[in-house]
1. Could you list, ordered by first residue, the pairs with Cβ atoms under 6 Å in which the first is in segment 116-138 and within 14 Å of VAL22 (Cα to Cα) and without any contact (Cβ under 8 Å) to a residue 60 or more places away in the chain and the second is outside any strand (DSSP E or B) and among the polar types (S, T, N, Q), at least 6 apart or interchain?
2. Among the residues of segment 106-161, write down those that are under 14 Å from the mean Cα position of the chain (by Cα), acidic (Asp, Glu) and over 12 Å from ALA68 (Cα atoms).
3. Would you say ASP24 is touching a helix residue (DSSP H, G or I) at 6+ places or on another chain (Cβ under 7 Å), among the acidic types (Asp, Glu) and modelled with pLDDT under 95?
4. Output the residues belonging to segment 93-111 that are surrounded by fewer than 22 Cβ atoms within 10 Å (Cβ to Cβ) and of a type in the set (Gly, Ala, Ser).
5. Give me a count of the residues in segment 112-136 that are assigned to a strand (DSSP E or B), open to solvent by 20 Å² or more (accessible area, probe 1.4 Å) and of a type in the set (D, E, K, R).
6. Here is a list: VAL70, VAL46. Which entry is surrounded by 20 or more Cβ atoms within 10 Å (Cβ to Cβ) and at pLDDT 95 or above?
7. Within segment 29-43, restricting attention to residues that are open to solvent by 40 Å² or more (accessible area, probe 1.4 Å), of a type outside the set (Gly, Ala, Ser) and closer than 28 Å to GLY12 by Cα, which residue is modelled with the lowest pLDDT?
Amino acid sequence: MNTADYTEAIAGFATGVVVLTVRDGRDDLGTTVTSFMSVSMEPPMVLAGVASTSYLSEVLGRQDRWAATVLSTGQRALAGRFAAEGRPSARLLLASEPHHRGPLSDALILDDGLAALECETRQRIEAGDHHLFVAEVLSADYIARREKPLIRVNRRYLGSG
């Protein structure tokens with residue numbers, strides 16, 4: 001199968017959208033991730049897929065603790081900022097957004113998502129052009145049900161905002 005056909009086929013699969021953040025020394029990194037899923041209830045575990053050529057993947061290779069904020073429909077612009085090529089530090093991207101540092105991960109966490117999870121990587125898997133990070137969920141920093149989740153399908157974010 002060629003890459004274009006595969007990309008077109010998989011684009012129709014709807015996914016949730018999270019912002020994954022990690023602290024690396026004095027810097028904060030983050031990216032929009034749509035390859036994110038629950039993999040276990042006991043212990044609670046998630047999986048995040050990150051491009052293997054990205055600097056974030058390198059940092060996640062040496063920093064075990066990170067955070068994932070599940071975005072709401074009103075955070076479409078924020079998802080776009082964290083997905084942009086050449087984006088600045090996560091600290092700059094969140095400068096005008098309410099946020100805090102996770103007490104367990106020290107990662108930046110948005111205050112207004114649907115949920116925020118603090119995670120610790122338990123396994124790293126090479127998978128083609130991505131690295132998969134299987135992580136235990138250490139805590140649900142918060143859970144809010146007041147908004148609808150941001151969904152990505154057919155290369156677009158669905159929902160208002």
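The values are calculated or read from the model by the stated rules, or taken from the named source; none is laboratory data. All figures in this text were calculated on a predicted structure; none of them were measured in a lab. A quick note on method: Cβ atoms are made from the backbone with ideal geometry, for glycine too, and the neighbour counts reach across all protein chains shown. Protein only, heavy atoms only, side chains kept; ligands, DNA and RNA dropped before computing areas. Shrake-Rupley method; radii C 1.70, N 1.55, O 1.52, S 1.80 Å.
1. GLU118/SER105
2. none
3. Details: touching a helix residue (DSSP H, G or I) at 6+ places or on another chain (Cβ under 7 Å): yes; among the acidic types (Asp, Glu): yes; modelled with pLDDT under 95: yes.
For ASP24, the condition - touching a helix residue (DSSP H, G or I) at 6+ places or on another chain (Cβ under 7 Å), among the acidic types (Asp, Glu) and modelled with pLDDT under 95 - is met.
4. ALA95, SER96
5. Start the filter on segment 112-136 by keeping residues that are assigned to a strand (DSSP E or B), which leaves 115-127, 130-136.
Add one more test, that the residue is open to solvent by 20 Å² or more (accessible area, probe 1.4 Å), and what stays is 117, 120, 122-127, 130-132, 136.
Next cut, of a type in the set (D, E, K, R) only: 120, 122, 124, 126, 136.
Residues meeting the conditions: 5.
6. Values: VAL46 fails: surrounded by 20 or more Cβ atoms within 10 Å (Cβ to Cβ).
Answer to the selection: VAL70.
7. Narrowing segment 29-43 to residues open to solvent by 40 Å² or more (accessible area, probe 1.4 Å): 34-39, 41-43.
Then drop every residue that is not of a type outside the set (Gly, Ala, Ser), which leaves 34, 36-37, 39, 41-43.
With the extra rule that they be closer than 28 Å to GLY12 by Cα, the set shrinks to 34, 36-37, 39, 41.
Values: THR34: 92, PHE36: 96, MET37: 96, VAL39: 96, MET41: 96.
Looking at the filtered set, the residue picked out is THR34.
Okay, residues lined up against (1) open to solvent by less than 60 Å² (accessible area, probe 1.4 Å); (2) at pLDDT below 95; (3) among the aliphatic types (A, V, I, L, M); (4) closer than 17 Å to ASP141 by Cα:
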| residue | (1), (2), (3), (4) |
| --- | --- |
| ASP5 | no, yes, no, no |
| ALA11 | yes, yes, yes, no |
| THR15 | yes, yes, no, no |
| LEU56 | yes, yes, yes, no |
| ARG87 | no, yes, no, no |
| ARG91 | no, yes, no, no |
